[in-house]
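The values are calculated or read from the model by the stated rules, or taken from the named source; none is laboratory data. Because the structure is predicted, anything quoted here is derived from the model rather than measured. Using ideal geometry, Cβ is built from the backbone for each residue, glycine included, and neighbour counts are taken over all protein chains shown.
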């Protein structure tokens with residue numbers, strides 16, 4: 001009697017690709033197969049399972065309940081095999097392996113250079129980088145879709161563990177010709193009269209900004225909400241308002257005087273950078289090496305790259 005024990009690893013790879021894209025044709029393209037080959041392997045899996053894994057509603061493809069169940073197991077099996085590969089690589093001296101890294105959007109200003117420095121020490125390790133806002137990074141960590149995350153405010157989820165590795169200063173910026181940028185010190189009450197350009201809900205920077213204004217008893221007047229630090233910087237340069245932003249994101253603009261700091265009491269707000277992973281996760285050698293590298297060299301790296309506040 002056949003069952004899922006008869007499924008092959010290749011069939012699980014094909015099913016996972018189809019489940020991720022919800023398209024047999026896109027799965028075929030990603031795996032360099034023909035669409036009939038993908039369809040045949042999915043039908044074979046459905047035969048083993050004894051139930052349908054996909055259903056069509058109009059022209060759209062959806063996972064059935066059984067498909068949702070199987071995709072979780074398929075990903076666990078495929079990830080376990082990746083971990084085994086990485087363990088074997090470690091036995092050979094960590095000349096291979098892969099790190100799945102997710103960082104909050106503010107960290108994209110230093111993460112590539114940090115990865116490049118890591119690659120000098122471990123040239124055979126591949127680092128796959130994902131960038132998103134804080135809430136999305138936390139979700140990927142909880143779902144075990146990535147090995148490690150870099151973020152500011154540590155997550156509240158009990159199944160995640162965060163370790164601090166560097167300071168993370170947050171500042172208020174203005175266009176260089178803005179009246180508040182010309183002053184040596186700005187009274188905190190003056191900020192209540194200004195319009196602020198803010199990140200979207202779910203952003204760690206947005207949360208830190210709201211906490212700063214609340215703790216100082218200053219009302220926050222929001223002008224535009226944007227999901228990109230780059231867009232916010234351009235809007236501030238154009239004179240559309242002030243913004244609360246990570247000092248790590250504005251090194252170039254400060255150096256060429258395209259932006260200026262607003263000096264008010266309580267600034268910069270000092271937060272911390274954290275490296276995060278699932279509490280019960282057994283880090284593969286490559287991921288463990290990357291975490292150790294961040295904890296050993298991350299502070300000095302960020303301090304050397306940070307402009308003066």
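Entry remark, the stretch 277-305: residues being within 12 Å of residue 118 (Cα to Cα) and exposed (fewer than 14 other Cβ atoms within 10 Å of the Cβ) number 2 in total. Just one residue in the set 217, 202 is without any contact (Cβ under 8 Å) to a residue 40 or more places away in the chain, in a loop (DSSP other than H, G, I, E, B) and at positive phi; that residue is 217.
Does residue 146 meet the test of being in contact with a strand residue (DSSP E or B) (Cβ under 7 Å, 6 or more places away or on another chain), in a loop (DSSP other than H, G, I, E, B), assigned by TED's automatic domain parsing to the domain that holds residue 220 and surrounded by 17 or more Cβ atoms within 10 Å (Cβ to Cβ)? No, not satisfied.
For the stretch 120-131, does any single residue satisfy the condition of being under 25 Å from residue 284 (Cα atoms), part of a helix (DSSP H, G or I) and either in contact (Cβ under 8 Å) with a residue 12 or more places away in the chain or over 12 Å from the mean Cα position of the chain (by Cα) (or both)? Among the residues of the stretch 120-131, at least one is under 25 Å from residue 284 (Cα atoms), part of a helix (DSSP H, G or I) and either in contact (Cβ under 8 Å) with a residue 12 or more places away in the chain or over 12 Å from the mean Cα position of the chain (by Cα) (or both), which makes the answer yes.
Search the stretch 149-176 for residues being touching a residue at least 40 places away in the same chain (Cβ under 8 Å) and not in a strand (DSSP E or B), and hand back the single one that is nearest to residue 282 (Cα to Cα). The residue in question is 159. Listed conditions (1) touching a helix residue (DSSP H, G or I) at 6+ places or on another chain (Cβ under 7 Å); (2) closer than 13 Å to residue 165 by Cβ; (3) assigned to a strand (DSSP E or B) are all met by residue 293, apart from (3).
Criterion applied to 26, 113 was being at pLDDT 90 or above and under 30 Å from residue 209 (Cβ atoms), and the one residue passing it is 113. Of all residues in the stretch 21-53, how many are farther than 19 Å from residue 3 by Cβ and either in contact (Cβ under 8 Å) with a residue 24 or more places away in the chain or touching a strand residue (DSSP E or B) at 6+ places or on another chain (Cβ under 7 Å) (or both)? Residues in the stretch 21-53 being farther than 19 Å from residue 3 by Cβ and either in contact (Cβ under 8 Å) with a residue 24 or more places away in the chain or touching a strand residue (DSSP E or B) at 6+ places or on another chain (Cβ under 7 Å) (or both): 4 in total.
Give the residues of the stretch 132-143 that are buried (at least 20 other Cβ atoms within 10 Å of the Cβ) and in a loop (DSSP other than H, G, I, E, B), sorted by residue number. Passing the criteria: only 133. For residue 61, the stated conditions hold: it is touching a strand residue (DSSP E or B) at 6+ places or on another chain (Cβ under 9 Å) and either at pLDDT below 90 or more than 28 Å from residue 155 (Cβ to Cβ) (or both).
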